[in-house]
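The values are calculated or read from the model by the stated rules, or taken from the named source; none is laboratory data. None of the values given here were measured: they were computed from a predicted structure. A quick note on method: Cβ atoms are made from the backbone with ideal geometry, for glycine too, and the neighbour counts reach across all protein chains shown. For the accessible areas, the whole protein counts, side chains as well, though only heavy atoms, and no ligand, DNA or RNA atoms are used. Shrake-Rupley method; radii C 1.70, N 1.55, O 1.52, S 1.80 Å.
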Amino acid sequence: MDNKSQASGVKKQSQWTLRNIILIALIAIFTGIIFWGAGFLYTALTVALTPFGMAPFANDLLMGLWCMAGPLTGFIIRTFGSAFLGEFLGASVEVFLGGQWGAGAFISGLVQGIASELGFTLTGYKRYDWFGLNASIFTTVVITFAWDMIRNGCDKFSLPLLLGLFVTRYISTFIFAGVLTKMIVKLLDRSKAINL
Amino acid sequence: MNPGMKLLLVMLVALEISFTQSLIVNIILIAVSLLYILTQHISMKALFGIIFWPLFPAVGLFVSQWLYGSAGIHFAWILFTRIYAYVFLGATFTLTSSITDLSLTLEQDFHLPSKFAYGVLAAFNLMPKIAEEVRIIKTSALMRGDALHFWSPKLYFKSILSSIQWSHNLAEAMTSHGFVEDYERTHYKVIRITALDWTLFIVLLAVVQVLLFFIRY
């Protein structure tokens with residue numbers, strides 16, 4: 001009996017160890033810093049698109065990049081809340097590096113974190129495959145888009161423009177948070193560096 | 001002000017101005033934040049940064065709303081000032097509070113488990129080293145004729161390998177310094193939320209509510 005309770009105890013052992021928390025934070029900071037290097041791209045795109053009034057597209061084109069930390073940490077540490085923590089910390093890095101969004105980045109981080117976590121929640125933290133990843137992408141795109149409509153006043157745009165923005169964001173998120181994440185996880189899988 | 005309370009206040013106000021539309025309140029928030037920042041002896045370079053960089057997204061949003069939005073130029077100005085309000089509100093926190101104090105108060109006063117407070121703090125303290133590591137990964141790949149960009153899976157793969165190794169080292173180091181997970185800790189530096197913190201928090205939040213309620217323009 002003693003043995004049995006021990007076995008179930010091991011099974012239920014929380015993934016939230018000190019080491020895993022540090023790991024999530026480190027991965028979030030790494031991705032945050034890599035995107036920081038791509039930050040000029042956002043400014044350049046915005047400058048290029050502003051004369052046409054299409055600046056919101058810069059945001060949606062790069063959305064996938066900013067939403068990568070969530071699915072990545074969610075995939076590596078497979079437990080409730082890891083995608084949220086990774087995404088939120090990734091956004092916080094931008095704040096401390098002096099990003100152009102200020103307090104807005106904290107809030108975006110919260111929204112993006114909840115959004116990418118929700119995808120894993122919907123699959124019950126069981127589907128760590130292409131399907132689970134796509135669930136996370138879907139919730140990320142829908143929730144962040146709804147949030148940006150409020151924050152950036154996109155709900156005042158006409159329907160075709162809104163659709164255009166939505167599709168752009170979906171493609172961007174699919175490429176970065178989807179395809180790129182899958183490739184990274186595949187590399188990790190092959191290297192057997194981590195128990196996936 | 002207690003850094004945890006300050007962050008909470010900043011986030012609450014930023015969240016509120018996302019849902020309300022008042023040009024004047026946005027400008028008041030920017031002005032008050034700027035005054036506060038100026039009293040804190042920050043560098044001119046940092047100040048220039050928070051004024052200059054948000055200009056791009058702010059102008060971008062303004063123009064697109066002006067050209068294609070149905071709500072007119074007044075709404076475009078609200079969006080323009082909203083971006084600056086976010087940045088200046090954020091700066092009142094980031095330019096004046098240390099991340100160490102934040103994690104100490106989150107642990108001691110907001111009852112965040114100590115492994116989160118110290119684990120995340122340990123990782124954030126490595127930020128300069130992480131920037132260095134990204135450069136090293138890119139340079140050593142370049143020496144093998146392999147250019148890594150932010151879209152290269154290899155760059156992230158190598159970063160994650162470093163993260164795995166470093167997280168292991170850091171956790172071991174913390175354990176060997178006497179850190180025990182899920183165990184009550186005593187504190188060398190005690191941070192409390194004082195009556196003054198509470199008063200400031202409540203009064204400032206109340207003032208914003210009153211402003212948002214009465215100033216609708």
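Among the numbered conditions (1) part of a helix (DSSP H, G or I); (2) over 23 Å from residue A:43 (Cβ atoms); (3) at pLDDT 90 or above, the only one that residue B:73 does not meet is (3). Across the range A:65-113, the number of residues qualifying as of a type in the set (Asp, Glu) and either surrounded by fewer than 24 Cβ atoms within 10 Å (Cβ to Cβ) or more than 15 Å from residue A:29 (Cβ to Cβ) (or both) comes to 1. Of the residues making up the range A:142-196, those that are among the small types (Gly, Ala, Ser), exposed (fewer than 15 other Cβ atoms within 10 Å of the Cβ) and assigned to a helix (DSSP H, G or I) are A:146, A:191.
Within the range A:39-59, at least one residue is at pLDDT below 80 and open to solvent by 40 Å² or more (accessible area, probe 1.4 Å). Residue B:86 falls short on exactly one of the conditions (1) within 13 Å of chain A (Cβ to nearest Cβ); (2) touching a residue at least 60 places away in the same chain (Cβ under 8 Å); (3) over 15 Å from the mean Cα position of the chain (by Cα), and that condition is (3).
Just one of the listed residues (B:56, B:116) is within 29 Å of residue B:193 (Cβ to Cβ), at the interface with chain A (Cβ under 7 Å from one of its Cβ atoms), free of Cβ contacts under 8 Å to residues at least 40 places away in the same chain and assigned to a helix (DSSP H, G or I), namely B:116. Contact map, the range B:171-200: first residue away from chain A (no Cβ under 13 Å) and open to solvent by 60 Å² or more (accessible area, probe 1.4 Å), second residue β-branched (Val, Ile, Thr) and not in a loop (DSSP other than H, G, I, E, B), Cβ cut-off under 9 Å, separation 6 or more or different chains; pairs are B:189/B:100; B:192/B:105. Just for the range B:151-166: of the residues that are without any contact (Cβ under 8 Å) to a residue 12 or more places away in the chain and part of a helix (DSSP H, G or I), which one is farthest from residue A:185 (Cα to Cα)? By that ranking, first place goes to B:165.
Within the range B:119-156, the set of residues being within 21 Å of the chain's Cα centre (by Cα) and more than 8 Å from every other protein chain (Cβ to nearest Cβ) comprises B:121, B:125, B:128, B:129.
With respect to residue B:110, determine if the residue is within 9 Å of chain A (Cβ to nearest Cβ), under 26 Å from the mean Cα position of the chain (by Cα) and not β-branched (Val, Ile, Thr). When the stated conditions are applied, residue B:110 does not pass them.
The single residue among A:104, A:124, A:119 that is at pLDDT 90 or above and in a helix (DSSP H, G or I) turns out to be A:119.
Within the range B:132-150, residues that are in the same structural domain as residue B:162 (by TED's automatic domain parsing) and touching a residue at least 24 places away in the same chain (Cβ under 8 Å) sit with their Cβ atoms under 9 Å from residues that are surrounded by fewer than 16 Cβ atoms within 10 Å (Cβ to Cβ) and not hydrophobic (A, V, I, L, M, F, W, C), at 6+ positions apart or across chains, in these pairs: B:134/A:37; B:137/B:154. Contact map, the range A:164-178: first residue closer than 16 Å to residue A:70 by Cα, second residue open to solvent by 30 Å² or more (accessible area, probe 1.4 Å), Cβ cut-off under 8 Å, separation 6 or more or different chains; pairs are A:172/A:61; A:176/B:151; A:178/A:134. Residue count for the range B:24-53 satisfying the condition of being open to solvent by less than 50 Å² (accessible area, probe 1.4 Å) and outside any helix (DSSP H, G or I): 1. Scanning the range B:1-23 for residues that are out of contact with any Ser or Thr (no Cβ under 9 Å at 6 or more places or on another chain) and not in a helix (DSSP H, G or I), we see that the one that is surrounded by the most Cβ atoms within 10 Å (Cβ to Cβ) is B:22.
Can you spot a residue in the range A:136-144 that is touching a residue at least 24 places away in the same chain (Cβ under 8 Å) and at the interface with chain B (Cβ under 9 Å from one of its Cβ atoms)? Checked the range A:136-144: no residue is touching a residue at least 24 places away in the same chain (Cβ under 8 Å) and at the interface with chain B (Cβ under 9 Å from one of its Cβ atoms).
Quick check: anything in the range B:68-87 over 30 Å from residue B:216 (Cα atoms) and open to solvent by 30 Å² or more (accessible area, probe 1.4 Å)? Within the range B:68-87, none of the residues are over 30 Å from residue B:216 (Cα atoms) and open to solvent by 30 Å² or more (accessible area, probe 1.4 Å).
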